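Note sheet for the following structure.
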Amino acid sequence: MIDVVSVDAVKEIVDKGNRFTIIVHRNPDGDAIGSALAWAHYLRLKGKFVDIIAPNSFPDFLKWLPGSDNILLYDTMKNDADALLCSSDAIFCLDFNAMSRVADIADVVNELDIPRLLIDHHLYPENNFTVSISNITSCSTAELVYRLIYALGDDDMLNKDMAECIYTGIMTDTGNFAYASNRKEIYIIVARLIEAGIDKDKIYRRVFYNYSIDRLRLFGFVMNEKLQVFSNYNASIMTLSHNEIKRFNAVKGDTEGLVNMPLQIKGLRFSCFLREEYPGKINVSLRSVDDFPCNKVAAEFFGGGGHKNASGGEYIGRIEDAVALFKEAIAKYSNELTN
Ligand SMILES: [Mn+2]
């Protein structure tokens, strides 16, 4: 899964360097934060100075993760972050495949003449990395971080903090082992993480059972009033306007997981969630099951992409028009959705 040449290249860069920066994608999720923290813990145990920079903030349900309070947010601490980037011996890019995913951080990183290493599991990584550990069969970047540590011969350094971060990445990117998780190696790794001291049941509750009352009511509202099911196409769509988001006091991460819920309907194969970030700008989340490639719909209709069963894009315009476009998409893919 990770080739020997890349492992040797990482080893050389880690051995030679003293100060590293890890960067993750905009709107970082459990895998971005978990894998970055695990890799940071590892490098620090190797005696290195390590900082993590995220383009913007991450959900509260990840703020218990060991080390998460030291993550720098680029949108509020640009000067400090730039200074750290400029004094780094190498940059590790975790859980994204293209520099555009780190927004403004790319402007600074692109000017630096230092190694840039990718650890990621998304399709079609850019080829402007010094070392690229990219594997799309991996369930998460966190899995790759564990495998890399193992390949570097340092499995014995795995401690509880690292294990909690790795587990959070694997758990969140597989929807608690509900998708992208049929490879037996994942469970061998999980067994190892339990051996390192994690309480996986507690991690589950910390991440998934932490709703505010507003959030639970928001989910109820969407399911009751905003879900449209197209039974003929085994597809569904939900929308949430900017005003509705405000009405339920929704904070960052509150709509996470919403898009998966319609997949609980028997026979449903394709779920779309449109969230109006601000009037005129709509975030599109797509989920599918089995062989239906929702990333093709994302690319073709919503200028996005992602994984076969989990992808996204955006739509500039009105919600009604985005819904109409989705209806066009399911009509076009009707064979794939109903066969
Ligand atoms: Mn990921």
_For region 180-201, give me the residue count where each residue is over 21 Å from Trp64 (Cα atoms), assigned to a loop (DSSP other than H, G, I, E, B) and not basic (Lys, Arg)._
3
*If you go through region 27-40 one residue at a time, do you hit one that is away from the ligand (no atom under 14 Å from the Cβ) and not β-branched (Val, Ile, Thr)?*
yes
_Take the conditions within 13 Å of the ligand (Cβ to nearest atom), under 20 Å from Tyr179 (Cβ atoms) and hydrophobic (A, V, I, L, M, F, W, C) and apply them to Cys93. Does it pass?_
no
*When residues of region 168-215 are limited to those that are among the β-branched types (Val, Ile, Thr), away from the ligand (no atom under 16 Å from the Cβ) and within 20 Å of Gly253 (Cα to Cα), the one surrounded by the most Cβ atoms within 10 Å (Cβ to Cβ)*: Ile203
*asked:* Residues that are part of a helix (DSSP H, G or I), of a type in the set (Asp, Glu) and exposed (fewer than 15 other Cβ atoms within 10 Å of the Cβ): does region 55-62 have at least one?
replied: yes
*Is it the case that some residue within region 290-313 is among the aliphatic types (A, V, I, L, M), assigned by TED's automatic domain parsing to the domain that holds Met238, surrounded by 17 or more Cβ atoms within 10 Å (Cβ to Cβ) and farther than 28 Å from Cys139 by Cα?*
no
*Applying the selection to region 103-125, what residues are within 16 Å of the ligand (Cβ to nearest atom) and open to solvent by 40 Å² or more (accessible area, probe 1.4 Å)?*
Leu123, Tyr124, Pro125
*Which residues, counting only those in region 140-162, are touching a residue at least 40 places away in the same chain (Cβ under 8 Å), of a type in the set (Gly, Ala, Ser) and either farther than 25 Å from Met261 by Cβ or surrounded by fewer than 23 Cβ atoms within 10 Å (Cβ to Cβ) (or both)?*
Ala151
*Can you run down the residue pairs with Cβ atoms below 7 Å, 6 or more apart or on separate chains, where the first is in region 16-31 and acidic (Asp, Glu) and the partner is within 10 Å of the ligand (Cβ to nearest atom)?*
Asp29/Thr172; Asp31/Asp95; Asp31/Ser140; Asp31/Thr141; Asp31/Ala142; Asp31/Gly169; Asp31/Thr172; Asp31/Asp173
*Count of residues meeting criterion [free of Cβ contacts under 8 Å to residues at least 24 places away in the same chain and either within 23 Å of Glu300 (Cα to Cα) or in contact with a helix residue (DSSP H, G or I) (Cβ under 7 Å, 6 or more places away or on another chain) (or both)] in region 240-285*: 0
*Please enumerate the residues belonging to region 1-16 that are open to solvent by 10 Å² or more (accessible area, probe 1.4 Å) and in contact with a Lys or Arg (Cβ under 7 Å, 6 or more places away or on another chain).*
Met1, Ile2
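Looking only at region 39-52, how many residues end up being in contact with a Leu (Cβ under 9 Å, 6 or more places away or on another chain), of a type outside the set (Ser, Thr, Tyr) and in a helix (DSSP H, G or I)?
Final tally of qualifying residues: 1.
The values are calculated or read from the model by the stated rules, or taken from the named source; none is laboratory data. Please read all numbers here as calculations on a predicted model, not as lab measurements. All Cβ positions, glycine included, derive from the backbone under ideal geometry; neighbour counts span all protein chains shown. Calculation scope for accessible area: heavy atoms of the full protein, side chains included, ligands and nucleic acids excluded. Shrake-Rupley method; radii C 1.70, N 1.55, O 1.52, S 1.80 Å.
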